[in-house]
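Input: a single structure, listed below in structure tokens.
Each value in this text was obtained by applying a stated rule to the coordinates, not by laboratory testing. The structure displayed is predicted, hence computed values, not measured ones. Because the Cβ atoms are built from the backbone with ideal geometry, glycine has one as well, and the counts that use them run over all protein chains shown.
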Amino acid sequence: MVGGKGTRLLPLTNNKPKPILPVLNKPCLRYLIESLASAGIKEIILACGYKSAQMVNAIGDGSDLGIRIEYSYEDEPLGTGGAMKQIEYKLDEVFVAANGDVFADICLRDEIEAHFSSESKVTIALTEVTNPCEFGIARLDESNRILEFKEKPKPEEVFSNLINAGVYIINREVLADIPPGTFFDFSKDLMPILLTRGDRIQGFLLKGTWRDVGRPADLLGVNLHMASKMYDEIIWGGKYSESSVVKKPLYFGDDTWVNDSELTVVVALDGCTIEDSKITNSLIMNGCEITSAKIENSILGEGCVVHKGAHIENSVLGDGTVVKAGEKVVRNNVF
């Protein structure tokens, strides 16, 4: 389910849909697709909406993973449940459904096995977070059956820090409760129907790395997390001069060159040139040129040019932004 507009990630989503924003050297969605393929899934349908052509170009047909990826298009947003209903006739009797706007480098085999062994109608992957108010939360019994579920509770309504990670194993029969051609949310609208009827909904505690990528800080965080996780395994395409000082977690993409600069906790993707600059805690996307500048706690979209003496702090720059010599860009509360 990859149809959302990703408005909280603007301006990065002006030119591309949120699920294909980069995490290191590949689209965020690619990690989830690889997890599905590793679990034995052979066919994947991407329910697209916003900027679907870019989605197709970035993700492809799955042949490199030995799977088949096809695309379903929404003229109008249908919600997570409505998107499933639209392609119901293509789905197996039991299928996996996932929100494509999260980062998920996970193992799905155990969740699939738990679904069949519990004889549930739906199994929902759950993960712990410190602030559950932005998610759907679940209360479990001793067998991990979900007894109560509440979408985006107020602080005084929180009864659990286990949240819906947006990866489901579903018996197709439950889609009968979704009206066709209607905006319908799976967790907000369908879950209460199933719980009220007494259908078994199983919770499964997720294994692997899962992160929401709803805001710029999340996108930066997951890039830095994966850079830290993979640091010792990376064969870098990029290079830095002996006069540069770099401190991990760090990642340089292909053809990136760093000269006479100090970089601390930075991901710089493909084709970047960084000269005589100081950058900390930032994500620099493909093809950026940075000269004699200071950048802190920021994300630069593709093809940005930052001139001498510029200072960027707590900011997100859209693709192709030019920061003039000596200009200061500070946008508080972005992170």
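Residues 182, 127, 13, ranked from the fewest to the most other C-beta atoms within 10 Å, line up as 182, 13, 127. Computed from phi, the 3J(HN,Hα) profile of region 145-159 under the Karplus parametrisation 6.51, -1.76, 1.60 (θ = phi - 60°) reads 6, 7, 9, 8, 9, 9, 8, 6, x, 6, x, 6, 9, 5, 10 Hz, with x in place of Gly and Pro.
Using a simple spin-label model with pseudo-atoms 7 Å out from Cα toward Cβ, residue 156 and residue 109 lie 4.8 nm apart. Between the amide H of residue 129 and those of 163, distances stay under 5 Å, these residues lying 5 or more places away or on another chain, with hydrogens modeled in the peptide plane. Along region 190-204 the Karplus relation, 6.51 cos²θ - 1.76 cosθ + 1.60 evaluated at θ = phi - 60°, assigns HN-Hα couplings of 7, 4, x, 4, 5, 5, 4, 6, x, 5, 7, 10, 9, x, 9 Hz to successive residues, with x for each Gly and Pro. Summarising the amide proton neighbourhood of residue 145: residues at separation of 5 or more, or on other chains, whose placed amide H is nearer than 5 Å comprise 203. Distant-in-sequence amide contacts of residue 43, defined by a placed amide H-H separation under 5 Å and a gap of 5 or more residues or a different chain, comprise 68.
Considering only 269, 24, 175, the Gaussian network model of the chain with Cα springs below 10 Å gives its largest mean-square fluctuation to 175.
From largest to smallest, the equivalent ellipsoid semi-axes obtained for region 107-178 from the alpha-carbon gyration tensor read 22, 14, 11 Å. Sorting 73, 251 from the fewest to the most surrounding beta carbons within 10 angstrom yields 73, 251. For residue 308 and residue 119, the FRET efficiency from 1/(1 + (r/R0)^6), where r spans their Cβ atoms and R0 equals 51 Å, is about 0.20.
Loop only by DSSP, 13 or fewer other Cβ within 10 Å of the Cβ. Give me the trypsin sites (Lys or Arg not before Pro) in region 35-86 that pass, ordered by residue number. Mind showing how you got there, number by number?
Details: sites: 42, 51, 68, 85; in loops: 42, 51.
In loop regions of region 35-86 (DSSP not H, G, I, E or B), the sparsely surrounded trypsin sites (Lys or Arg not before Pro) are 42.
Hey, for a label at residue 217 modelled as a point 7 Å past Cα toward Cβ, could you say which residues of region 115-131 have their backbone N under 19 Å away? Answer for this model: 128-131. Once divided by 2.2 N^0.38 Å, the Cα radius of gyration of the chain becomes 1.06.
Cβ crowding within 10 Å, taken as a proxy for footprinting-reagent exposure, orders 252, 116 from fewest neighbours to most as 116, 252.
Give the longest segment of the chain that steers clear of GluC sites (Glu not before Pro) in DSSP loops with at most 13 neighbouring Cβ atoms within 10 Å, not counting the sites themselves.
143-241
The convex hull drawn around the Cα atoms of region 218-330, when projected onto a plane and averaged over every direction, covers 5.7 nm².
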